[in-house]
1. Quick one: with all protein chains in place, what share of the accessible area of the chain is carbon or sulfur, to the nearest percent (1.4 Å probe)?
2. Report, in debye and to the nearest 20, how large the dipole of the chain comes out about its Cα centre when Lys and Arg carry +1 and Asp and Glu carry -1 on their Cβ.
3. Would you please give the residues with an amide H less than 5 Å from that of residue 12, counting only those at least 5 places away or on a separate chain, with H modeled from the backbone geometry?
4. Enumerate the calculated ³J(HN,Hα) couplings along segment 368-374 in order (Karplus 6.51 cos²θ - 1.76 cosθ + 1.60, θ = phi - 60°), each rounded to whole Hz, writing x wherever the residue is Gly or Pro.
5. For residue 297, list long-range residues whose amide hydrogen, built 1.01 Å from N in the peptide plane, is under 5 Å from its own amide hydrogen.
6. Please go through segment 297-376 and write out the chymotrypsin sites (Phe, Trp or Tyr not before Pro) that DSSP classes as loop and that have at most 13 other C-beta atoms within 10 Å.
7. 222 nm [θ] for the chain, helices only, -39500 (n - 2.57) per DSSP H run of 4+, per residue, to 500?
8. Check residue 200: other-chain or 5+ apart residues with amide H under 5 Å from its amide H, H built from backbone geometry?
Amino acid sequence: MKVDVLLGLQWGDEGKGKVVDVLTPRYDVVARFQGGPNAGHTLEFDGRKVVLRSIPSGVFQGNVNLVGNGVVLDPVLFVKEANELIDAGTDLHSILKISKKAHLILPTHRLLDAAGERAKGKAKIGTTGKGIGPTYTDKTSRNGLRVGDLLMPDFEARYAAARDRHLERLASLDSTPDPDTLAGLEREWMAAVDTLRTFDLIDSEHYVNALLRDGKSVLCEGAQGTMLDVDFGSYPFVTSSNTITAGACTGLGIAPNKIGDVYGIFKAYCTRVGSGPFPTELFDETGALIRDLGHEYGAVTGRERRCGWIDLVALRYAIMINGVTKLIMMKSDVLDGFDTIKACTAYEIDGKETRDFPYSIDDADRVRPVYRELPGWKTDMTAMTSPDQFPKAFNDYVAFLESELGVPVAIVSVGPDRKQTIEINK
């Protein structure tokens with residue numbers, strides 16, 4: 001067996017949680033392979049709306065769900081999320097497994113995140129302040145604390161050593177925390193750690209590969225999006241992990257030859273949260289209208305998302321980097337009422353047109369989007385259940401995207417509910 005990978009192709013917030021929830025019945029296990037609680041995956045079904053931050057989006061279908069080694073876990077936020085699911089009737093202890101090699105977010109990681117952003121001033125990245133970056137920094141500098149350390153007899157000494165290193169760094173940033181405030185954060189964190197120990201903490205790389213040997217099917221769930229990848233995204237305005245298909249290999253312990261289908265998710269338009277370049281961003285009423293119609297506010301932070309037309313230059317790049325085999329278009333319903341729709345097919349850089357994503361898109365005066373305007377479908381598609389019901393203009397739009405991107409669109413979402421998901425190329 002091979003694993004299938006599902007990931008975002010833009011700057012995150014593409015709707016991955018909903019699609020994982022829809023696809024989960026086809027798989028035995030859903031495994032999250034990177035990121036932390038800065039990623040909010042929103043699911044809507046049976047009149048409920050749930051935002052998952054650390055726990056994979058397959059938990060509502062009764063499947064086994066795995067938090068992989070590439071994930072960074074905040075025990076406090078994890079326990080709050082877990083308790084909400086348990087209180088709602090999910091038997092989480094029986095279906096959730098957590099890698100011992102996943103790294104832990106400490107209270108001082110969050111303090112370092114905030115202090116680091118303050119120190120950058122106007123050049124700040126626009127992080128969620130959840131301690132993600134400092135945790136990955138500790139991981140790569142070989143100073144991190146891992147879930148498996150919770151089972152070690154000297155855990156408290158390991159924690160104290162990490163905390164003390166952080167406090168030295170905070171002092172250098174003139175951000176030494178109030179002792180009473182830190183003590184309160186630590187008490188809450190240690191209580192959450194005790195709860196985390198009650199879950200099934202495993203050697204996940206052995207577990208996943210044993211599943212494949214036994215003929216079981218696995219869906220790997222990514223967080224954030226390709227254009228936030230620490231290597232291939234719009235650096236330095238990126239996240240701290242590899243959000244691409246290769247991240248599933250390192251974030252779960254899977255060999256490259258075990259990758260099967262790669263589902264690439266994108267919105268029918270484009271959004272971005274926080275700082276960083278965004279060539280197709282709209283600063284007019286159209287951008288505001290897309291934001292309002294699409295309810296484009298961060299699932300975790302509540303921040304307004306910046307909105308713009310779809311960027312096919314960035315999408316082609318993301319498809320290439322990830323080896324995407326099937327595309328999934330989300331939020332097409334947001335554009336149901338538009339007379340015309342624009343798609344960026346190329347960039348003009350220093351007067352020359354290119355269809356290739358460049359090294360840098362930081363300078364908005366140098367990088368200008370080249371648009372193609374297409375007719376809108378002017379039809380409410382939210383109640384549609386079959387591709388046979390799609391208006392011609394919408395089918396033409398999908399065909400245009402497939403021609404530009406070179407990959408078939410397999411699934412279209414026409415609304416937020418799991419039922420508003422239509423397969424068009426099986």
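1. After summing per-atom areas, the C and S share lands at 49 percent.
2. Numbers: 50 positive and 59 negative charges, 135 e Å.
It works out to roughly 640 debye.
3. 225, 226, 227
4. Values per residue, Gly and Pro as x: 10, x, 9, 9, 10, 9, 10 Hz.
5. 305
6. Working: sites: 297, 309, 317, 338, 347, 359, 371; in loops: 309, 338, 359.
Passing sites in segment 297-376 are 359.
7. -10000 deg cm²/dmol
8. Amide H to amide H, under 5 Å and 5 or more residues apart or across chains, residue 200 pairs with 98.
The values are calculated or read from the model by the stated rules, or taken from the named source; none is laboratory data. This one's a predicted model, so the numbers in the text were calculated from it and none came from an experiment. Virtual Cβ from ideal backbone geometry, glycine too; neighbours counted across all protein chains shown. The accessibility values were calculated without ligands, DNA or RNA, using every heavy atom of the protein model including side chains. Shrake-Rupley method; radii C 1.70, N 1.55, O 1.52, S 1.80 Å.
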